[in-house]
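Here the structure comes first, spelled out in C-alpha cells, and everything after it is commentary.
The values are calculated or read from the model by the stated rules, or taken from the named source; none is laboratory data. Here the structure is a predicted model, which means the values were calculated and not measured. Positions of Cβ are backbone-derived with ideal geometry, glycine not excepted, and every protein chain shown enters the neighbour counts. Areas reflect the complete protein model, heavy atoms only, side chains present, ligands, DNA and RNA absent. Shrake-Rupley method; radii C 1.70, N 1.55, O 1.52, S 1.80 Å.
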Amino acid sequence: MSPSRDLPKNYDFAEVEGRWQGIWRDEDHFFDPGSEKPPFVIDTPPPYPTGSFHIGNAFNWCYIDFIARYKRMNGYNVMFPQGWDCHGLPTEVKVEEIHGITKNDVPRDEFRRMCRELTIGNIEKMRKTLRRMGFSVDWSHEYITMLPAYYRKTQLSFLRMLNSGYIYQSEHPVNFCTRCETAIAFAEVSYEDRETVLNFFDFDGVEIATTRPELLAGCVAVAVHPEDERYGHLKGRRLKVPLFCHEVPVITDEVVDPGFGSGAVMICTFGDKQDVHWWKQHSLDLRKAIDKSGRMTAIAGKYAGMKPDECRKAIIADMAAGKILKRTEPLQQRVGTCWRCKTPIEILSERQWFVKIVPEEIMAAAKEISWNPRHMFLRMENWVEQMEWDWCISRQRIFATPIPVWFCAKCGDMILPAEAELPVDPTSEKPCVPCPSCGSDEIIGEEDVLDTWMDSSISVLNVTGWDGSGVPDIFPAQIRPQGHDIIRTWAFYTILRSVALTGTRPWDEILINGMVLGEDGFKMSKSRGNIISPEEIVEKYGADSLRQWAAAGASTGSDIMFNWNDVVSASRFQTKLWNISRFILLQLERKEFDPEAQYTALADRWLMARLSVSVDEVTDAINHYQFDRALKSLREFAWDVLADNYIELVKGRLYSDEPGRDGACRALTAALDTLCRMMAPYAPHFSEECYSFLGRGSVHNTSWPAPVGRDLGSLEEGELLVKLVAELRRYKHENGMALNAPMGKISVFSPRPMDDSGDMARTLNAEVSWRSGAAKLEKVCTGVQFNMGVIGPLFRKDAKAFMDAITSLPAELQENPPESVMVSGAEVKIPEDSFSLQYSYMVEGEKVDLITVGDIIVTIRKTS
Ligand SMILES: [Zn+2]
Ligand SMILES: [Zn+2]
C-alpha cells in the first residue's frame with residue numbers, strides 16, 4: 001500500500017475542507033426514488049432567508065447531518081431536503097427599508113417582485129454557508145415556498161381543507177397587531193410583564209375598576225358575581241356608561257372575582273380573552289371601539305381617530321374633571337404583544353379565515369410519534385389542552401401565498417378556482433367562468449393572504465411528493481428535526497395539516513434540539529453583542545471543529561452555550577488524531593505486511609476487542625441521538641486506547657521485523673479504518689482525508705462499522721497488560737529513568753501468566769519473565785526513617801540521643817517497639833509516628849523493587 005500523496009506533517013483544515021468540498025458531488029446525496037433501500041426521509045426545517053445562516057441553524061443542521069450521514073452508512077436511501085420559508089413580514093419591512101417606500105407606494109405585484117428579489121439573493125448567501133459547513137444536503141429536493149411550484153401546493157391544501165370543512169371564514173375576535181396591521185395567531189403572541197394603572201371610577205352609581213378606560217365606548221355589559229350581596233339590587237337593571245351614555249345590561253357570572261377591584265367589572269368588545277368568553281356566552285352586542293389601524297372608531301365620539309394611548313389619557317382627564325374618577329392604583333399586568341414588533345395586541349372582531357382545531361385528532365397523531373427527548377411531548381400536550389380558539393390563518397399583508405378565492409360582487413357567493421388552475425392570485429387574475437350562482441362577471445378577488453405557517457406546515461407533504469392525488473408512498477417521513485421554540489407552531493401545525501390532508505401522522509419520530517446561547521449564557525442578540533456567526537468559527541477552526549462542538553456541547557434537547565474552548569478542544573483532538581493517523585500510515589508504508597495476518601498477540605486481540613466495545617457504544621449512542629456520548633466514546637478510544645496504550649505497547653514490535661509486526665499492522669489498519677468511519681458523520685472532511693490514505697475510496701461510501709467480535713477474555717487480559725505497563729512506566733518516571741532506558745529484569749508473578757508476545761519487554765526495554773505462583777520474597781529491613789517533625793519539637797537537644805537509642809534496638813524491637821526507651825539516662829516514651837522502618841525485598845538473594853497490581857506482584861531487578 002502506498003498512498004498517492006505525501007502525508008503532510010500538519011493538518012491544514014482550510015486546505016483539506018476546501019479540497020474535499022470541491023471533489024464531493026451533489027449527486028452523492030440525492031434521494032433515489034428507484035432505490036431498493038429503505039427510505040429515510042428527513043422533514044428538515046426551512047429557515048427564513050434572512051441572508052445569514054445563524055449559529056442556531058448551524059447547530060440544528062449539524063444534528064440533521066449526523067443523522068443523514070449515519071443513516072446512509074446504515075444502508076438507507078436518505079432524503080435531506082433543503083427548504084426556504086420565504087414569506088412574511090420581516091422581508092416586507094426590509095424591502096421597505098432598502099427602497100425607502102411603504103408597501104402601499106407600489107402596486108402589489110411590484111412589491112412582491114422586490115421581496116422575491118431580496119429573498120433569492122439571501123438564499124444564495126445561505127446556501128454558501130450550508131456548503132461550507134459540509135452538510136450533505138439533497139439539493140435535488142430543495143424547495144422555495146414563494147415559488148409557484150410550492151405555493152401551488154399550499155393553495156391546493158387550502159382548497160382541500162376548505163372543501164372538507166377544516167377551513168372556514170367567519171367574523172370572529174382575533175389577535176391583531178395594529179402596527180403590522182394584520183391578524184396574528186395565538187402562537188405569535190408573546191407575553192410581557194408591565195406596570196399599568198387600575199382606575200376606579202363611578203359607573204352609574206357602581207364602582208368599577210379598569211386598566212383600559214379607552215374601551216369604555218366598546219362597553220357592552222357590567223358583570224358581577226351572582227352571590228355578591230353588594231350588587232344583588234342591580235340584577236336585571238341597565239346602567240348608563242359614563243361619558244358615552246349608552247345603556248348596558250348587568251349580568252351575573254361565576255367567573256367574576258368579587259375580590260378584584262370593586263367586584264364589578266365592565267365587559268368591552270374586546271379588552272381581553274375573558275371578554276370574548278362573556279360576549280359569546282351571554283350573546284352580548286358587538287361594539288368596535290378600535291379599528292385595524294389602531295385608531296378609535298366613530299363610536300368613540302369626540303375621541304374618534306385617537307390612538308388608544310391618547311384616548312386613555314383624554315378619558316382619564318375627562319373623568320377626573322367630571323369627578324367620576326375616584327382613585328388609581330398601580331397594577332402589575334401580563335400584556336400580550338406582537339412577537340415581531342412588541343406592540344400590545346388588540347382583540348378585534350374581523351372577517352378572517354380559520355382552520356378548525358380538533359384537539360383529539362391532533363393528540364392521537366402526536367401520540368403515535370416518538371418524541372426525542374420524551375418530555376418534549378408534554379409541551380405539545382399542554383399547548384393542545386389550552387387551545388381555545390381556532391387557528392386564524394388570514395393575514396392582511398402582501399408577501400405571502402394568496403388565498404385562492406373570489407367573491408361575486410352581486411350575490412356574494414364564494415367562487416373557487418379549479419385545482420388545475422392553481423396557483424392563482426385572485427387580486428390580479430379572474431376566474432375562468434362567471435359566477436356559477438348568478439352569472440355575474442363582477443368578481444372580487446380575496447385580498448387576504450395566508451399565514452406563513454400555512455406554507456411551512458406542508459413541508460413534509462411537499463418533500464414526500466404530495467400533489468393531492470393520494471397519500472405518497474414515502475409518507476409519513478421518518479423524522480422531523482426542529483428546535484423546541486417552534487413546537488407550538490411548526491410541529492403543531494404540521495401534525496394538524498397532516499391529519500387533515502392525509503388522515504395520519506406526518507413523521508414517525510421528532511427530534512428536538514435546544515437553543516444556542518451566547519458565551520455569557522444569554523440568548524444571542526445584537527443588543528448584547530454576543531452573536532457569533534458560523535463563518536467566524538469555520539474561518540478560525542474549520543467546519544469539522546464547529547460540528548464537533550455541536551455534538552459535544554450538550555445533550556440532545558438541552559440548550560447549548562457557545563464556548564470557544566469546546567471548538568478549540570475539537571480542533572486539538574483533530575491534531576492528535578492526525579498525528580495518530582500519520583504514525584499509523586507511515587508504519588504501514590514502511591514495510592509490506594500481510595493484511596490477513598492472525599491476531600496472535602494479546603495486545604492485538606485486546607485492541608480489536610476494545611474497538612468492538614467502542615463500536616457498540618457509539619452505535620447505541622447515535623441510535624438514541626446521544627451525539628455527545630458517541631463523540632466522547634470515540635475520543636476516548638482514539639486518545640486513551642489507541643494512542644496512549646496500544647501504540648506505546650506495540651511500537652517495539654512495529655519497528656522490529658519480526659512476524660508479529662504483521663498482526664500489529666493489521667490491527668492498526670482496522671482501528672484507523674473504523675475510527676474514520678465512525679468519525680465520518682461528525683467530521684466528514686477530516687475523516688475523508690485520513691481515510692483517503694488507506695486507498696479504500698471515500699469513507700462516505702462505506703458502511704457503518706460492525707463490532708469485530710466480543711472477545712471478553714482478551715479484553716480482560718489486555719486491560720491488565722495495559723495497567724501493568726502503565727505502572728512500570730510510572731515507576732521509571734518516578735525513579736528518574738528515561739522511558740527508553742534499560743530497566744533490568746522484571747518478573748511478573750501472576751496467578752494466570754499471560755503471553756504478551758514480548759510487547760511489555762520491548763516497551764519497557766526490560767527483560768520480562770512471566771512466573772506462575774507466588775513470588776518467594778524475603779523482606780529485609782534496610783534502615784529507620786525518622787520523622788523530625790515529631791522528634792525535633794519533643795526532644796530538642798536530646799533528639800540525636802533518641803534516634804541513637806532507636807537505631808541500636810534489635811531488629812525485632814524496631815519491628816514491635818516497646819513503650820519506652822532510655823535516652824540520656826532517663827526513660828522516655830516512644831512517641832507515635834516518630835519513626836518508620838524501611839524495607840527492601842530480596843528474591844533469590846538479590847535485591848528487587850516491588851510493584852503490585854491487583855493480585856499480581858512485579859519485581860524489578862535493576863541492572864547495576
Ligand atoms: Zn406587529
Ligand atoms: Zn353571483
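Structural remarks
- Projected-area mean, the stretch 145-219, by convex hull of Cα positions, square nanometres: 8.7
- Stokes-Einstein diffusion for the stretch 176-238, with the hydrodynamic radius set to the Kirkwood value over Cα pairs and evaluated at 37 °C in a medium of 0.692 mPa s, equals 217 µm²/s.
- 5 angstrom amide H check on ARG771, placed H, neighbours 5+ away: VAL748, PHE749, SER750
- Normalised radius of gyration (Cα atoms, divided by 2.2 N^0.38 Å) for the stretch 733-829: 1.76.
- Centroid-to-centroid separation of the stretch 784-808 and the stretch 562-590 [C-alpha atoms, Å]: 56
- Long-range tail of P(r) for the stretch 238-391 (Cα pairs > 19 Å, %): 69
- Only helices enter this figure: runs of n ≥ 4 DSSP H residues, each worth -39500 (n - 2.57), summed and divided by the residues of the chain, yield -11500 deg cm²/dmol at 222 nm to the nearest 500.
- If you model the chain as an ellipsoid using its alpha carbon gyration tensor, with each semi-axis the square root of five times an eigenvalue, the axes come out at 75, 41, 22 Å, biggest first.
- When you restrict to C-alpha pairs under 8 Å that are six or more residues apart and normalise by the size of the chain, the relative contact order lands at 12 percent.
- With Cα atoms as the point set, the stretch 171-323 shows a radius of gyration and Dmax of 15.4, 45 Å.
- Take the Cα of ARG710, step 7 Å toward its Cβ, do the same at ASN565, and the gap between the two points is 3.7 nm.
- Taking the longest Cα principal axis of the chain as reference, the axis of helix 543-552 is set at about 90 degrees.
- Taking the C-alpha atoms only, the angle from helix 89-99 to the longest principal axis of the chain is near 80 degrees.
- Accessible carbon and sulfur surface of the chain relative to its total accessible area, %, 1.4 Å: 49
- Note on GLU27 and LYS591: with the Förster distance fixed at 35 Å, the Cβ-Cβ geometry gives a FRET efficiency of about 0.35.
- Placed amide H near LEU198: partners under 5 Å, 5+ positions off or other chain: GLU329, LEU331
- Cα-Cα P(r), the stretch 660-788, percent of pairs per 10 Å interval: 10, 26, 25, 22, 10, 5, 2
- 3J(HN,Hα) couplings calculated from phi for the stretch 278-285 with the Karplus curve 6.51 cos²θ - 1.76 cosθ + 1.60 (θ = phi - 60°) are, in sequence order, 4, 4, 5, 5, 9, 6, 7, 5 Hz; Gly and Pro show x.
- Note that the chain presents 44 Å² accessible area per residue, ligands and nucleic acids not counted, probe 1.4 Å.
- By average C-beta atoms within 10 angstrom, highest first, the peptides 851-859, 319-327, 111-119: 111-119, 851-859, 319-327
- Pairs over the 30 Å Cα-Cα cut-off, from the set LYS103/LYS526; LYS103/LYS523; LYS356/LYS523; LYS235/LYS280; LYS240/LYS307; LYS632/LYS745: LYS103/LYS523; LYS356/LYS523; LYS632/LYS745.
- In sequence order, calculated HN-Hα J values of the stretch 505-514 (Karplus, 6.51, -1.76, 1.60; Hz; x Gly/Pro): 5, x, 8, 7, 9, 10, 10, 9, 9, x
- Partners for LYS313 among lysines (Cα-Cα distance below 16 Å; same-chain residues under 8 apart left out): LYS302, LYS323, LYS326
- Packing order of peptides 650-657, 30-37, highest average first: 650-657, 30-37 (average count of other Cβ atoms within 10 Å over each peptide's residues).
- Distribution of pairwise C-alpha distances over the stretch 810-864, 5 Å bins, in %: 4, 13, 17, 15, 12, 12, 11, 9, 6, 1
- Taking every protein chain into account, the 1.4 Å probe leaves TRP639 with about 90 Å² of accessible area, to the nearest ten.
- Here the Karplus curve 6.51 cos²θ - 1.76 cosθ + 1.60, taken at θ = phi - 60°, turns the phi angles of the stretch 107-123 into couplings of x, 3, 4, 5, 5, 4, 4, 4, 5, 5, 4, 4, 5, 4, x, 5, 4 Hz, with x standing for Gly and Pro.
- Separation of alpha-carbon centers, the stretch 372-419 and the stretch 832-864, rounded to whole Å: 83
- If R0 equals 35 Å, the separation of the Cβ atoms of GLU229 and VAL189 corresponds to a calculated FRET efficiency of about 0.40.
- Cross-link partners for LYS779 among the aspartates and glutamates, with Cα-Cα distance under 14 Å and sequence neighbours closer than 8 places in the same chain left out: GLU812, GLU815, GLU844, GLU846, ASP849.
- For the stretch 30-44 and the stretch 119-174, distance of Cα centres in Å: 20
- Cβ-Cβ FRET estimate between ALA801 and LEU777, R0 fixed at 41 Å, reported to 0.05: 0.70
- Interchain or long-range residues, amide H under 5 Å from ILE290's placed H: THR297
- Principal-axis tilt of helix 660-679 within the chain, Cα atoms, nearest 10 degrees: 10
- Highest average packing first - 785-795, 142-152, Cβ atoms within 10 Å: 142-152, 785-795
- If a spin label sat at a point 7 angstrom from the Cα of ASN382 along the line to its beta carbon, the backbone N atoms of the stretch 475-496 nearer than 18 Å would be those of 483-493.
- Total formal charge among the other residues, if their Cβ is under 9 angstrom from that of ILE369, Lys/Arg +1 and Asp/Glu -1: 0
- Bridge type composition, the chain - antiparallel percent by DSSP, nearest 5: 75
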